[in-house]
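First the structure, in the form of structure tokens, and then the observations on it.
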Amino acid sequence: MSAQVTASGTDPRVLVLMGVSGCGKTTIAALLAGRFGWDLEEGDGLHPQSNVAKMHAGHPLTDEDRWPWLEKVAGWIEGQLDAGRNGVITCSALKRSYRDILNRRGAGVLFIYLSGSPEVIRARLTARHGHFMPSSLLESQFADLEEPTSDEPCIRVDVGPPPQKILRKILGQLNLNSPA
């Protein structure tokens, strides 16, 4: 999908950086938000403590575990749009049904799917320290992943290159102009 997004346009946008754990959502989201001065929310920070504890113990979340969290993420998105503010949020958004919750208004939300092979992502997770999501849960994330389809507001970006190259690729695909 090709999309036109403006940093200073009149219609607010929320970019949802999505993908499995370890794909670079936080890094790329921070680069995007910093580039334009947009609000940034780390979706993992909206998980209830019970979800964090479950993942930390090496147990994958169920849909029932995820629904309250997805509602909080959707609430943040809707709050941004209602206030007329652009924003960037991270959220795995692994299934179509999850993305439908996050984009229930049908406008103003664009998913940026950070895609990578299990081998690339596993190497990143192994090198990452201090995160509650253990690399042992990666298989469950890939098992749950329903890649976005052409009828969803989404662009796909490979996570192989360094973060600055990924950022340039996103900006190019979105025809996103820097603020004046």
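For (1) modelled with pLDDT of 85 or more; (2) within 14 Å of the chain's Cα centre (by Cα), each residue gets a yes or a no:
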{"residue": "102", "(1), (2)": "yes, yes"}
{"residue": "105", "(1), (2)": "yes, no"}
{"residue": "117", "(1), (2)": "yes, no"}
{"residue": "127", "(1), (2)": "no, no"}
{"residue": "154", "(1), (2)": "yes, yes"}
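Does the stretch 82-98 hold any residues that are more than 17 Å from the chain's Cα centre (by Cα) and either basic (Lys, Arg) or part of a helix (DSSP H, G or I) (or both), and which are they?
Correct list: 82, 85.
Inside the stretch 73-102, can you point out the residues that are surrounded by 16 or more Cβ atoms within 10 Å (Cβ to Cβ) and farther than 11 Å from residue 18 by Cβ?
74, 76, 77, 78, 80, 81, 86, 87, 88, 101
Would you check which residues across the stretch 105-126 are surrounded by 12 or more Cβ atoms within 10 Å (Cβ to Cβ) and outside any strand (DSSP E or B) and list them?
If the condition is that a residue be surrounded by 12 or more Cβ atoms within 10 Å (Cβ to Cβ) and outside any strand (DSSP E or B), then 105, 108, 116, 117, 118, 120, 121, 122, 123, 124, 125 are the ones that fit.
Quick one: in the stretch 139-151, of everything that is surrounded by 12 or more Cβ atoms within 10 Å (Cβ to Cβ) and more than 16 Å from the chain's Cα centre (by Cα), which residue is farthest from residue 121 (Cα to Cα)? If you could, list the steps in order and put the result at the bottom.
Residues of the stretch 139-151 that are surrounded by 12 or more Cβ atoms within 10 Å (Cβ to Cβ), as a first pass: 139-142, 144-148.
Now drop any that are not more than 16 Å from the chain's Cα centre (by Cα), which leaves 139-140.
Numbers: 139: 10, 140: 13 Å.
Filtering the stretch 139-151 for residues that are surrounded by 12 or more Cβ atoms within 10 Å (Cβ to Cβ) and more than 16 Å from the chain's Cα centre (by Cα), the one farthest from residue 121 (Cα to Cα) comes out as 140.
Do we find that residue 15 is crowded, with 16+ Cβ neighbours inside 10 Å and more than 20 Å from residue 143 (Cβ to Cβ) in this structure?
Spelling it out, residue 15 is indeed crowded, with 16+ Cβ neighbours inside 10 Å and more than 20 Å from residue 143 (Cβ to Cβ).
Quick one: would you say residue 50 is surrounded by fewer than 20 Cβ atoms within 10 Å (Cβ to Cβ) and at pLDDT 95 or above?
In short, no.
Take residue 102 and tell me if it is within 17 Å of residue 41 (Cβ to Cβ) and of a type outside the set (Lys, Arg). I'd like the intermediate steps shown before the answer.
Details: within 17 Å of residue 41 (Cβ to Cβ): yes; of a type outside the set (Lys, Arg): yes.
In short, yes.
The values are calculated or read from the model by the stated rules, or taken from the named source; none is laboratory data. Quick caveat, the model's predicted, so the values are computed rather than measured. Every residue, glycine among them, receives a Cβ derived from its backbone with ideal geometry; neighbour counts consider all protein chains shown.
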